[in-house]
Each structure stands twice: as structure tokens, then as C-alpha cells.
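The following block contains the structure, expressed as C-alpha cells.
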Amino acid sequence: MGLAGLIRENRKPILFALSGTIAVVVLVAAALDELIDWQVQVAIRKNAEVRALNWAENFFATTPSSRRMVEKGVATPSELDRLESSFALVDVIRFEMFNREGVRTLLSDKGVLEPSTAVNATAVRVYESGLPLVFVHEKEDHETETSQLETYVEVYLPAVLPSGEAIGAIEVYVDVTKFEDELEEVFQQISGYLILGTLLIGLFPAAAYIRTTRQIMRKDKQLLELTRYDKLTGIYNRDTVSTYLARFFASPEAGGNLGILFVDVDYFKQVNDQYGHAAGDKLLQHIASVLNDCIRTETDLIGRYGGDEFVILMPDVSRGLFRERCSLILEASQAPYRHKDIEFVPSLSVGAYLTNTRDTEKSALHKADLAVYAAKRSGRGQVVEYTPKLEGLFDQESSRQSA
């Protein structure tokens, strides 16, 4: 048999092998496509549920009137504006509130609703079970020229006060269009490698796209976490400090033994004016590091409250330990600080207040603020602990000067 005959004789098995390979590739591609779609759906549902839970937890922890809003549907325009301003952090579009009977009481884009007897069976189910329910929806965005699909997730959550009492249900709508687009873009980029990898080493591509999904979700979680920190110093920002205080004083048994330190960097403006803003930024980073080294890492919280102002919160602290930490902070801050060819000794004015059970968030901050003001008025570079004598003292001084 000649060469031509050998080719004709082996053509069928070769074509069969090629067609079989193509069929396997097509089947793998179809299976991966279905698997990727399923994984995307799981990821966006979980992502939306976490976002909605975070938003609801923050709402109940920082809104004293939350019971009134859920049970009676009564909310002031300023309360609605404050809620809607928090939507952007977690891509919440709108929310609805339901009482224990499943009757809708409040709608974010309409506010207080007329009395109604209509019952939302899903809201009742979530309230009674205490478990969230998640639904994915898609709609066309007709406002754009391309009429793209938008994806949003409807999350029903039990309305639970910080005390643990369930008072109804909340329906939160979360926009996941951007998150879904990011997932699909990544998977489109690696889909060819997934198919080839499936043919070569089987399960490796599955592990790859699951890992990619987790990386994107981890990145998204990290971005949410970054909203809690000050970008310059790396410590907590003012919003995080305010949230902590709101939660602390919202608890019925709270109020006592919370040490509050208002720390103000003395002559900060002069540092900026004389050495430049880069030196000022380095000074703030240095002070943040010094303060962070002086607190109890397991329990205390430190945050940048303003331009050159820091706040330290020390829960469950005795007066003796509180005063000891104040002295430690003042001593540590007086070590010489060098930036490039500049060396100077920082100076801090510290206002200290240890709360009692009669305090509120507003009264506690007011007293710590009076104390730091007294420290600056008394010559700076010192710690002043609040006493009732400070109340009205500066108003009296202003009155004498104006007279």
C-alpha cells in the first residue's frame, strides 16, 4: 500500500479524533458558561445580602428613632435625608419598612405612607423566621442610548433593634450592576484559558474562576472597609468614631467608665506655614503613631476627628488607669521628631473626660471638648481633666472682655 492509501486509511480515525476533541471543547465551554453564570448569581446575591445587612445594622445602631419609623412609619424629612445620604456607601437604591403585621409603613422615596391594611407575605415570613430572603431582578435602563440591563437585588431583612428585639422587616434594594459587570469582564478575559486548562488539567480552571470570584468579593469588602479609615494617618476616621459612640450610648446599660480624650496638635498651622504641608502631614502621621502606641490595642479606639484633632475612646477604664494613659501620651509626644533636616518637639493639648451613667453622647463630647479648650487656654502642652467648674467659664471670660 502506497502513501496515498495510508492517508486514506487513517483519515477516518483522525477526523473522528478531531471531531471528538471539538465536541469536548464545545461541551466544556457550555458547561463552564453555565457554571460561571451560576457562580456570578451566587456572588451577587451574597454581596447584596452583606451590603444590606451592613446598612441595616448601621441604621438601627445609629438611629434612635428607628422603632418609631418601622412601627409607625413616622420620619422627619431630615431623618429621610440622612438615610438616603448613606445609600451611596453600599449602593442601596431604596428601602421599605414593614411592621410586625407585614403592613408597609415607610418608603424611602415617598416617606410616610397613608394608613393601609395590605399585608406583604414575604415581610411577615422574614419577621417570623428571622432569616433574610434574597431576590435578583433585571431591568432595562432606557435612559442610556444602548438601553443596557441593570441588575438589582431585593433583600428582605428582619428589623432588629440593637437590644435584639425584632419589630418588623425591611426590604432593601441594592444595585449590583457594577459588581456583576466586573465579574463578567474578568471571566470573559480568562474564558479561553479556562477551556484550554480544562482540557489539560481538568479541575484547575474551576479553582481559578472560584478564586477570581473570591478575590473580587474580597476587594469589594476591602473597599467597604476603607471607608472606615482616615487615608492620611491610617487610623479610624470621624464617621467611625461617631458610629462607635452612637452604639455605646444606645445601649441601656452603657454610659459609664468610657474614657474620652480630645487631642489637639499645638501650633499645627505654624508647622504648615513654616515647613510646608508635607511636613504637616508627616507630623499628623507621627502623632497618630504615638497615640496608637499608647492605647490598649484590644479594647481602645483611636480616630482622626478633624484636621489636627484626634479622639481616643477607652471603654471600661478605671480613673487611675485613665490618668496613667493620659500621662503616658503626654510624655511620649514630647520626644523630638525629625522630618528630613527639620527637628522639633511636638506639643499636644489633651482634654480628658471619664463618663458616668447619666451622660449622653452629646454631653460626653461637650465635656471633653471643654477640657481640651481649657488645656489650650492654659498654655498648651498639657492634659486637663474635665470638672464642673469649666461649665460657663469661657462664656464669663468672653462677657468680661466685651464689657
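Within the range 146-164, can you find the residues that are over 10 Å from PHE60 (Cβ atoms) and of a type outside the set (A, V, I, L, M, F, W, C)?
THR146, SER147, GLN148, GLU150, THR151, TYR152, GLU154, TYR156, PRO158, GLY164
Here is a further query. Do any strands (runs of 3 or more DSSP E) entirely within the range 288-403 hold 3 or more residues that are surrounded by 14 or more Cβ atoms within 10 Å (Cβ to Cβ) and within 27 Å of the chain's Cα centre (by Cα), and if so, which? Walk me through how you get there before you give the answer.
On the way: elements: 301-304, 309-315, 337-339, 342-344, 348-354, 383-385.
In the range 288-403, the matching strands (runs of 3 or more DSSP E) lie at 301-304, 309-315.
Here are TYR275, TYR244: which of them is out of contact with any Phe, Trp or Tyr (no Cβ under 6 Å at 6 or more places or on another chain) and within 17 Å of TYR353 (Cα to Cα)? Don't jump to the end; show me each part of the working.
Numbers: TYR275 fails: within 17 Å of TYR353 (Cα to Cα).
Going through TYR275, TYR244 in turn, the sole match is TYR244.
OK, next. Restricting to the range 64-101, name every residue that is among the polar types (S, T, N, Q), part of a loop (DSSP other than H, G, I, E, B) and surrounded by fewer than 18 Cβ atoms within 10 Å (Cβ to Cβ). Talk me through it step by step, then tell me what you get.
Residues of the range 64-101 among the polar types (S, T, N, Q): 65-66, 76, 78, 85-86, 99.
Subsequent filtering for residues that are part of a loop (DSSP other than H, G, I, E, B) retains 65, 76, 86, 99.
Hits for the range 64-101 are SER65, THR76, SER86.
Taking the conditions exactly as written (hydroxyl-bearing (Ser, Thr, Tyr), in contact (Cβ under 8 Å) with a residue 24 or more places away in the chain and more than 30 Å from SER251 (Cβ to Cβ)), does SER378 satisfy them or not? Please lay out each step first, then the result.
Values: hydroxyl-bearing (Ser, Thr, Tyr): yes; in contact (Cβ under 8 Å) with a residue 24 or more places away in the chain: no; more than 30 Å from SER251 (Cβ to Cβ): yes.
So SER378 does not fit the description; no.
For the range 100-122, what are the residues that are modelled with pLDDT of 90 or more and out of contact with any Lys or Arg (no Cβ under 8 Å at 6 or more places or on another chain)? Quick ask: steps written out before the conclusion?
Step one: list which residues in the range 100-122 are modelled with pLDDT of 90 or more, which gives 100-104, 119-122.
Correct list: ARG100, GLU101, GLY102, VAL103, ARG104, VAL119, ALA121, THR122.
Does LEU365 meet the test of being in contact with a helix residue (DSSP H, G or I) (Cβ under 8 Å, 6 or more places away or on another chain), farther than 23 Å from ASP293 by Cβ and touching a residue at least 12 places away in the same chain (Cβ under 8 Å)? Give the steps one after another, and end with the answer.
On the way: in contact with a helix residue (DSSP H, G or I) (Cβ under 8 Å, 6 or more places away or on another chain): yes; farther than 23 Å from ASP293 by Cβ: yes; touching a residue at least 12 places away in the same chain (Cβ under 8 Å): yes.
Taking the combined requirement at face value, the residue satisfies it.
OK, next. Looking at ASP230, ASP293 in this structure, which one is of a type in the set (Asp, Glu) and not assigned by TED's automatic domain parsing to the domain that holds GLU385? Please lay out each step first, then the result.
Working: ASP293 fails: not assigned by TED's automatic domain parsing to the domain that holds GLU385.
Residue meeting the stated conditions: ASP230.
Moving on to the next point. If I ask for residues that are among the basic types (Lys, Arg) and free of Cβ contacts under 8 Å to residues at least 24 places away in the same chain, which ones from the range 297-339 would you list? Talk me through it step by step, then tell me what you get.
In the first step, residues of the range 297-339 are kept if they are among the basic types (Lys, Arg); the result is 304, 319, 323, 325, 338.
ARG338 - this is the single residue of the range 297-339 that is among the basic types (Lys, Arg) and free of Cβ contacts under 8 Å to residues at least 24 places away in the same chain.
The values are calculated or read from the model by the stated rules, or taken from the named source; none is laboratory data. Note that the structure is a prediction, hence the values are computed from the model and not measured. No Cβ is skipped: glycine too gets one built from the backbone with ideal geometry, and neighbour counts run over all protein chains shown.
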